[in-house]
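S.K.: First the structure, then my questions, so here it is.
The values are calculated or read from the model by the stated rules, or taken from the named source; none is laboratory data. As the structure is a computational prediction, the values presented were derived from the model and not from experiment. Virtual Cβ from ideal backbone geometry, glycine too; neighbours counted across all protein chains shown.
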Amino acid sequence: MIAYSRGPARYFQILPLVLLILLLTIFPTFFAYLISTYQVRLSALDEGTFVGLSNFAKTLSDREFYEALWFSLRFAVVTTGLEMLVGFGIALWFNRKALPGKRIMISLMLLPIMVSPALLGIMFRLMLNSFVGPVAYYLKQAGFPGDKLLTPNYLVFTLILIDIAQWTPFVFLILYSALQTVPKELYEAASVDGATSLQKLRSLTIPLIMPFILITLVIRVIDSFKIFDMIHVLTGGGPGTLTTTISIYIYKMAFNAGDIGRASAASLILLLVLSIPLGLILTRIMRQEAR
Amino acid sequence: MRSTFRQVPFNTLAFEKELKTVKTTHKSLLMLLTLVLVASLTAVAAPARAVTEVKMIYWTGPESLAMANVIDSYNAGPGKTDGVQVQMVLFGREGFWERQETLMAAKSSDVDVFYTASYYVGRQQAALDEITSVVPKIKESGVFIPNAVDSLAIGGKLYGVPLDVSLHFMYYRTDLIDKLLTDAAWQAKYKEISKAKLGMEMSPKPIDQWSWDDFKAASLFFSKANNPDSPTEYGTALQAKNLIYNVMIWGNVLYSLGGSWFDKDGKPNFDTKEFRDAANVYADVIKLGGSPAASTTYEYGEANQAFMSSQAAFMLQWNAAYNELNGASSPVTGKVGIAPIPGPKKVSYSHALGVALNKNSKNKDAAGKWLSYLATQPAIDIYAKAGGLPPSSSVLTSMGKTRADFAQTAVFLEKYGYTPSTGPDVFAILDILAKNLSGVWAGQKDAASAATDSQTSVLALIKK
């Protein structure tokens, strides 16, 4: 029998992973800190001027930065809230004992999350096109304003719907898997005690799968807050700044305005803004698990 | 010597079996390593290739399809003499400039020739070598229209070989506009709608004489919201998405009304009556139903779809659309006309797309030979025949007999063509205008605010 190593060999074994993390995470982060203190263009990184905290000051005094942040926050709260509700509802429904064609239905449900968000944006741009889009056409035939879904009055609503369509299956997948871990005997015991379905849900199901709910919530909040691809393809962040998310704001600052220094500053401010609440949530999750 | 392994009791037989396996594995690994070493030594010892490979970035689309023909021809012919073989590296159009710019930022030598454009060359300048000595007398050669060559020059120094020219037409349905000019009932209705919606009774005019009021009146006449008997759903399909390429199209409205990006002293010139009037042309057409309300998400593709599905009677669009609009498979083939952009002053925004030499290339001599070839008539002829749109008088004129858009491109470029700027801030200025103007067109702000905001933002940008 060969025993495991305790000597210096173990450090060599984790060295490739450490190098990868340094290269792809640590170095870019510190480079971002450095670049954020320069006024510099992407195409001429070695011709920048040191400006200290000026980029941070300009970003924090930019009304559009706050508008983008506010839009991202509202978008994240609404989409995540609805996805959690709908995803959990579908997971509960699938968790019923007898459901014909369950496996096929689950496979079909998961299709949207396999499509890249940018591609999904292009698909919906075509499907909702008032001239040639089939979805727009049939909605209009059914009496709904199908040809208006991309107008300014309906645009945000449409973006929310598309995001829900794509990511609800993700929530379903996680929570459905979590529901499988709950022992059936607990429900039987609760039934014997005369508990109603609602009481079982509130007192058994939700507490037992709460860590999964919280993790899913955190992941979806982060993802929907930093959404970029789908909105950029569909609206370009417009009209005006109506659908400009914080990611689109940073992207345009970096690549359209060409100010990579300010874009880095905005990214770091965003990191700070997100890390505080997310840190608190993760701490709570870990405390709950420790209990 | 201290062992790195913790000592534990073990089964002797099992250990010996495992040791034998390890020894066999070591032998196999040693043999494999030897083979790899021999193979690489052989590769190193092999004679060096006589041909230099030049890598060129291009974006996907009709331009790259055309360029593939030029490359094939060069590689099979002059390339052999030059000792150069060219390979095209394709990047998708979405996010193209950003991806290329990251290569430039990394000072990459993986690519020898970059793609450039009049509106981007100023920003790329630091990563490019000027090519005046590579293609001397390019303007005098007569291969290219001089305006197009100048649009890739900065401070008198040439940075790119122009291979495509993009400008704007007004495409229209010839059958519908002809009927409008001859049908008395239509003309009566036209007068009624223009009086009711625009406050002035107007009569239809030949399309090449249109003012912006005629544009508005016709867009309302051809919209079902204003004229239930209209043969099309909308008069036009404006490209009003928050997108810099859409601002290039709108820029024609500004310049045709006498406006400009910069005044004669070179200062930003956006807080003007011309800017406000130009912004309101689009805003009025959308508000009155001449163009869909969803126009604020439209760009090139949507406008083409509207026109080809007979849901728009005319539109402002890039010259490259002609093939698609009037192609054999188009539902409106044979009914597509080309007219100048309306307005008191006839203008057409134009820019050149071309190729430039990477400052960090390790194959500059070879890349230079390739660029020299591209600046010759034979190369340009092949490019044009394969679907490219080079800014070459002889090509555009000779092919104009079979391609109406080519003939009109030559005329428009020479008579009406303008480029707002080739400075390093063009992209940033377009982004500012796209944001402010799309807000006007969506009804979020008025033209006066957009003009002031644009002026303030551009001033701040230039001061940086």
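S.K.: If you scan segment B:442-464, which residues turn out to be within 11 Å of chain A (Cβ to nearest Cβ) and more than 26 Å from the chain's Cα centre (by Cα)?
M.R.: Scanning segment B:442-464 gives B:Gly443, B:Gln444, B:Lys445, B:Ser449, B:Asp453, B:Ala460, B:Lys464.
S.K.: While we're looking at this one, here's another question. Of the numbered conditions (1) surrounded by fewer than 20 Cβ atoms within 10 Å (Cβ to Cβ); (2) within 14 Å of another protein chain (Cβ to nearest Cβ), B:Phe262 fails exactly one; give the number of that condition.
M.R.: The failed condition is (2).
S.K.: Here's another thing I want to ask about it. Among the residues of segment A:114-132, what is the count of those that are farther than 23 Å from B:Lys287 by Cα and either of a type outside the set (S, T, N, Q) or crowded, with 20+ Cβ neighbours inside 10 Å (or both)?
M.R.: Taking segment A:114-132 first, the residues farther than 23 Å from B:Lys287 by Cα are A:114-124, A:126-127.
Next cut, either of a type outside the set (S, T, N, Q) or crowded, with 20+ Cβ neighbours inside 10 Å (or both) only: A:114-115, A:117-124, A:126-127.
Residues in segment A:114-132 being farther than 23 Å from B:Lys287 by Cα and either of a type outside the set (S, T, N, Q) or crowded, with 20+ Cβ neighbours inside 10 Å (or both): 12 in total.
S.K.: Can you name every residue in segment A:51-91 that is part of a helix (DSSP H, G or I), small (Gly, Ala, Ser) and farther than 20 Å from A:Thr168 by Cβ? Spell out the reasoning first.
M.R.: Start the filter on segment A:51-91 by keeping residues that are part of a helix (DSSP H, G or I), which leaves A:54-60, A:63-91.
Subset that is small (Gly, Ala, Ser): A:54, A:57, A:68, A:72, A:76, A:81, A:87, A:89, A:91.
Across segment A:51-91, the qualifying residues are A:Ser54, A:Ala57, A:Ala68.
S.K.: Can I ask one more? Taking the condition modelled with pLDDT of 95 or more, within 30 Å of A:Tyr38 (Cβ to Cβ) and buried (at least 18 other Cβ atoms within 10 Å of the Cβ), does A:Phe71 pass? Break it down into steps so the answer makes sense when it comes.
M.R.: Numbers: modelled with pLDDT of 95 or more: yes; within 30 Å of A:Tyr38 (Cβ to Cβ): yes; buried (at least 18 other Cβ atoms within 10 Å of the Cβ): yes.
The answer is yes for A:Phe71.
S.K.: Working carefully through the options A:Ala118, A:Ala91, A:Ala136, find the one that is among the aliphatic types (A, V, I, L, M) and away from chain B (no Cβ under 11 Å). Outline the logic, then answer.
M.R.: On the way: A:Ala118 fails: away from chain B (no Cβ under 11 Å); A:Ala136 fails: away from chain B (no Cβ under 11 Å).
Of A:Ala118, A:Ala91, A:Ala136, the one residue that is among the aliphatic types (A, V, I, L, M) and away from chain B (no Cβ under 11 Å) is A:Ala91.
S.K.: Follow-up question, since we're still on this one. Here is a check on your reading of the model: is A:Leu15 exposed (fewer than 12 other Cβ atoms within 10 Å of the Cβ) and either modelled with pLDDT under 95 or within 11 Å of chain B (Cβ to nearest Cβ) (or both)? Outline the logic, then answer.
M.R.: Working: exposed (fewer than 12 other Cβ atoms within 10 Å of the Cβ): yes; either modelled with pLDDT under 95 or within 11 Å of chain B (Cβ to nearest Cβ) (or both): yes.
Yes; evaluated as a whole, the condition is true for this residue.
S.K.: What residue, among those in segment A:233-255 that are part of a helix (DSSP H, G or I) and surrounded by fewer than 23 Cβ atoms within 10 Å (Cβ to Cβ), is farthest from the other protein chains (Cβ to nearest Cβ)? So that I can check it myself, show each step before the final result.
M.R.: Taking segment A:233-255 first, the residues part of a helix (DSSP H, G or I) are A:233-235, A:246-255.
Now narrow it down to the ones that are surrounded by fewer than 23 Cβ atoms within 10 Å (Cβ to Cβ): A:233, A:247, A:251, A:254-255.
On the way: A:Val233: 8, A:Ser247: 13, A:Tyr251: 8, A:Ala254: 8, A:Phe255: 4 Å.
Per the criteria, the residue is A:Ser247.
S.K.: State which residue is nearest to B:Trp212 (Cα to Cα) when the search covers only segment B:223-254 and only residues that are surrounded by fewer than 24 Cβ atoms within 10 Å (Cβ to Cβ) and in contact with a Gly (Cβ under 8 Å, 6 or more places away or on another chain).
M.R.: B:Asn226
Every residue, every condition in (1) among the polar types (S, T, N, Q); (2) part of a helix (DSSP H, G or I); (3) buried (at least 24 other Cβ atoms within 10 Å of the Cβ), yes or no:
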site: B:Thr296; (1), (2), (3): yes, yes, yes
site: B:Gly301; (1), (2), (3): no, yes, no
site: B:Ser310; (1), (2), (3): yes, no, no
site: B:Met315; (1), (2), (3): no, no, yes
site: B:Tyr322; (1), (2), (3): no, yes, no
site: B:Ala328; (1), (2), (3): no, no, no
site: B:Gly334; (1), (2), (3): no, no, no
site: B:Ile338; (1), (2), (3): no, no, no
site: B:Ile341; (1), (2), (3): no, no, yes
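S.K.: Regarding A:Phe212, is this residue of a type in the set (Phe, Trp, Tyr), touching a Phe, Trp or Tyr at 6+ places or on another chain (Cβ under 9 Å) and more than 13 Å from every other protein chain (Cβ to nearest Cβ)?
M.R.: Numbers: of a type in the set (Phe, Trp, Tyr): yes; touching a Phe, Trp or Tyr at 6+ places or on another chain (Cβ under 9 Å): no; more than 13 Å from every other protein chain (Cβ to nearest Cβ): yes.
The answer is no for A:Phe212.
S.K.: Here's another thing I want to ask about it. Looking only at segment A:138-156, which residues are out of contact with any helix residue (DSSP H, G or I) (no Cβ under 6 Å at 6 or more places or on another chain) and in a loop (DSSP other than H, G, I, E, B)?
M.R.: A:Ala142, A:Gly143, A:Phe144, A:Pro145, listed by residue number.
S.K.: What's the total number of residues in segment B:306-333 that are free of Cβ contacts under 8 Å to residues at least 12 places away in the same chain and not polar (S, T, N, Q)?
M.R.: 2
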